[in-house]
Amino acid sequence: MIEVLDPVRCTSCNICVRVCPTNVFDAVEGDIPVIARHSDCQTCFQCEAWCPADAIFVSPSRTPEPDGSPLRDGEALAARNLLGLYRDRVGWRRGTTSASENLPSTDDYHVWATPLPEGAPR
Ligand code: SF4
Ligand code: SF4
C-alpha cells in the first residue's frame, strides 16, 4: 500500500492523482495532493512509477504498515534511496533501463525494516 507522499520532494504536478486507478488521492488547490483514501490502495505501484520527483513510496505489503514502521518514514526511506525505487527498477527513472529481473523484491524493503516472522512468505 502507498505509505509515503514526501512533501519536500513533491512538486504538486498531480500526476499521481490522475494515474491512480482507485482514486486514492485528492488534489489540493495550491498545495500537494493528499492521500485521502488509503484503504482503497491496491498496491499497483502506478503512482510511484509515474511520479517524476521520486516522492512516493508504495510498500509491497497489501495491508498498511504498522505504526512506527520505517516503511512509513519518508526521511528513513529517502536516506536509503527507497523513495521511487519501483520507478527506478522498471527503468522509468531517467538514465535507467527496464529489466524485469530488477523489479524490487520484498528483501529490498525488509532487509532493514522490522524483520519478518519466522517462516513468513517473502
Ligand atoms: S506525482 Fe509525485 S510530484 Fe507529482 S503530485 Fe504526485 S507525489 Fe507530487
Ligand atoms: S499504489 Fe496504485 S492504487 Fe495505490 S495509491 Fe498508488 S496508484 Fe493508487
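Every read-out reported here was derived from the displayed coordinates using simple, explicitly stated rules and does not represent laboratory data. Since we're looking at a predicted model, the values are computed, not measured. Neighbour counts run over all protein chains shown; Cβ positions are idealised from the backbone, glycine included.
Report the one residue of GLY74, VAL4, VAL90 whose Cα lies farthest in the direction of the positive end of the charge dipole of segment 2-99 (charges on C-beta: Lys and Arg +1, Asp and Glu -1; origin at the Cα centre).
VAL90
Going by average Cβ density within 10 Å per residue, which order do the peptides 21-31, 82-92 take, highest to lowest?
The packing order, highest mean first, is 82-92, 21-31.
Once fully extended, how much extra length lies between ARG80 and THR11, figured as 0.36 nm per residue of separation less the alpha-carbon to alpha-carbon distance?
Extending this stretch completely gives an extra 22.7 nm.
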